[in-house]
Amino acid sequence: MLRNSLMDSRSLTAPEWTWWPSSPHFENFSALFADPAVNMGRALGNSLLIAAVTAPVSTLLASAAGYALARIPVPGRGVLLALVVATLMIPGSVTFVPTFVVVGSMGGVNTLWGIIVPGLFNPFAVLLFRNFYLRFPSEIEEAGRIDGLGWLGLYRRIALPSSGAMLASLGALSFIDSWNSFLWPLVIGQDPSAWTAQIALSTFLTSQTINLPGLFAGAVVTITPLVVMFLVAQRYIVEGIATSGLKG
């Protein structure tokens, strides 16, 4: 992909294969950022901001909800768990229009928060955290209770610091999912000021004739943050899934 992004159209479609272009065309990247139809720099910033907010907030919310469902004996806990599971069975296409109506009525169209808010609830992550906290040693909680900690204190001072691998792994997966999101940002972010990198790249490709080097250059730009994220967090992703209690 990197090789193709540094070639011209003629060399890219030539039958002769080369591992690396003899004269790299870095102007493919400059053309991507200089195209007047899109503002790739701003779109990348929007995607980074959306993912950087969605990942930690959704992960912390899922952690708190998972701990409550696993450890706090409140009436109706089973019903709440059933509702969380039920949300996984509802196709996203069913809730897409109602979500758009609700967010639009709150003034969320063409805003970054309108893109962020619907992605803050992650029922799959809630179930993973619940499975993790179900296996949490009760002796540690009892020691905390002796020290006078309530449920919030037990979660904040004992459970949360002990779930670092889960937080890192699910945070990384949430970042990747948010970065790759296309349909919801396309619908809610109709103004170019709210475009994400995926929408800007799609617009760049459709606003001109077939430009294969530009396509690969855009793919390199948009995939690089994900590659970096995976390289940094791959160990935590494996550890988090292993300690979540899920079985294949």
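Say whether the condition of being under 22 Å from the mean Cα position of the chain (by Cα) and under 20 Å from Y133 (Cα atoms) is met by at least one residue in the range 75-87. Within the range 75-87 (the criterion being under 22 Å from the mean Cα position of the chain (by Cα) and under 20 Å from Y133 (Cα atoms)), the answer is yes, since at least one residue qualifies.
Close contacts from the range 127-147, counting a first residue that is closer than 18 Å to L69 by Cβ and a second that is modelled with pLDDT of 90 or more and charged (D, E, K, R), with Cβ to Cβ under 7 Å and a gap of 6+ residues or different chains, come to Y133/R71. Hey, among S63, S58, S93, which residue is among the hydroxyl-bearing types (S, T, Y), exposed (fewer than 12 other Cβ atoms within 10 Å of the Cβ) and over 30 Å from M1 (Cα atoms)? One residue alone meets the criteria, S93. Just checking, does the range 217-237 include any residue being closer than 21 Å to A62 by Cβ, at pLDDT 90 or above and small (G, A, S)? No: zero hits.
For the range 25-34, the set of residues classified as closer than 16 Å to T222 by Cα and in contact (Cβ under 8 Å) with a residue 24 or more places away in the chain consists of N28, F29, A31, L32, listed by residue number.
Considered as a group, the residues in the range 156-171 that are polar (S, T, N, Q) and touching a residue at least 60 places away in the same chain (Cβ under 8 Å) include one that is surrounded by the fewest Cβ atoms within 10 Å (Cβ to Cβ), and that residue is S163. Considering only residues in the range 56-112 that are assigned to a loop (DSSP other than H, G, I, E, B) and of a type in the set (S, T, N, Q), the one that is farthest from G150 (Cα to Cα) turns out to be N110. Of all residues in the range 172-187, those being at pLDDT 90 or above and buried (at least 21 other Cβ atoms within 10 Å of the Cβ) number 5. In this structure, does A43 turn out to be hydrophobic (A, V, I, L, M, F, W, C), part of a helix (DSSP H, G or I), under 18 Å from R135 (Cβ atoms) and touching a residue at least 60 places away in the same chain (Cβ under 8 Å)? Against the criterion (hydrophobic (A, V, I, L, M, F, W, C), part of a helix (DSSP H, G or I), under 18 Å from R135 (Cβ atoms) and touching a residue at least 60 places away in the same chain (Cβ under 8 Å)), A43 does not qualify. Within the range 112-165, the set of residues being β-branched (V, I, T) and either under 28 Å from the mean Cα position of the chain (by Cα) or under 23 Å from L48 (Cβ atoms) (or both) comprises I115, I116, V117, V126, I158.
When F121 is tested against (1) buried (at least 17 other Cβ atoms within 10 Å of the Cβ); (2) touching a residue at least 40 places away in the same chain (Cβ under 8 Å), only condition (1) is not met. Contact map, the range 178-205: first residue closer than 22 Å to S93 by Cβ, second residue assigned to a helix (DSSP H, G or I) and of a type in the set (F, W, Y), Cβ cut-off under 9 Å, separation 6 or more or different chains; pairs are L183/F96; W184/F96; W184/F100; V187/F96; V187/F100; I188/F100; T196/W179; Q198/W179.
The values are calculated or read from the model by the stated rules, or taken from the named source; none is laboratory data. This is a predicted model, so every value here is computed, not measured. Virtual Cβ from ideal backbone geometry, glycine too; neighbours counted across all protein chains shown.
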